[in-house]
Amino acid sequence: MNWNKALAENALPEGARQVVTIGEQTVLLLRHENQIHAVNNKCPHLGLPLQKGKITEDALVCPWHKSAFDLNTGDVKAWSPWPPGLGKLLGCLKKESAMKVYPTKVDDGAIWVQM
């Protein structure tokens with residue numbers, strides 16, 4: 001795995017989000033509670049962009065189907081609360097999958113992502 005320069009550190013203030021492309025991956029960078037997180041910008045359930053998802057204390061909630069993923073580990077905290085009846089049908093299409101999380105560091109005024 002290599003460290004990839006993603007963005008100038010001052011381009012991501014507290015509460016900000018930025019989508020960057022590293023190689024062939026789209027990565028969502030976000031600064032939450034003074035930590036920089038980097039995640040694959042595709043929801044592991046439907047493959048749709050996560051950048052407009054809600055941030056809770058320690059999770060990113062998918063804006064499309066409301067699954068919640070731990071910001072630090074990518075683990076599923078809550079999976080796809082679909083309406084009754086529809087949930088069983090759609091739940092069969094894709095099982096719980098963790099969100100891909102990448103290590104980050106700040107060095108020489110830049111945010112780096114390990115991929």
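Computed values, structure above
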read-out	value
Subset of region 47-67 that is assigned to a strand (DSSP E or B) and surrounded by 15 or more Cβ atoms within 10 Å (Cβ to Cβ) - its residue that is nearest to the chain's Cα centre (by Cα)	Leu60
Hey, Ala38 out of contact with any His (no Cβ under 9 Å at 6 or more places or on another chain), at pLDDT 95 or above and more than 13 Å from Tyr102 (Cα to Cα) or not	no
Matching residues in region 68-85 - criterion: being assigned to a loop (DSSP other than H, G, I, E, B), touching a Ser or Thr at 6+ places or on another chain (Cβ under 8 Å) and either at pLDDT 90 or above or β-branched (Val, Ile, Thr) (or both)	none
Counted residues, region 1-24 - those being under 14 Å from Thr104 (Cα atoms), of a type in the set (A, V, I, L, M) and surrounded by 13 or more Cβ atoms within 10 Å (Cβ to Cβ)	5
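To keep it simple, each residue is scored yes or no on (1) out of contact with any Asp or Glu (no Cβ under 6 Å at 6 or more places or on another chain); (2) among the hydroxyl-bearing types (Ser, Thr, Tyr); (3) under 22 Å from Trp112 (Cα atoms).
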site: Arg17; (1), (2), (3): yes, no, yes
site: Gly23; (1), (2), (3): yes, no, yes
site: Leu29; (1), (2), (3): yes, no, yes
site: Asn34; (1), (2), (3): yes, no, yes
site: Asn40; (1), (2), (3): yes, no, yes
site: Leu46; (1), (2), (3): yes, no, no
site: Pro49; (1), (2), (3): yes, no, yes
site: Lys77; (1), (2), (3): no, no, no
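The values are calculated or read from the model by the stated rules, or taken from the named source; none is laboratory data. The model shown is predicted, which means the values in this text are computed figures rather than measured ones. Don't worry about glycine lacking a Cβ; one is built from the backbone with ideal geometry, like all the others, and counts go over all protein chains shown.
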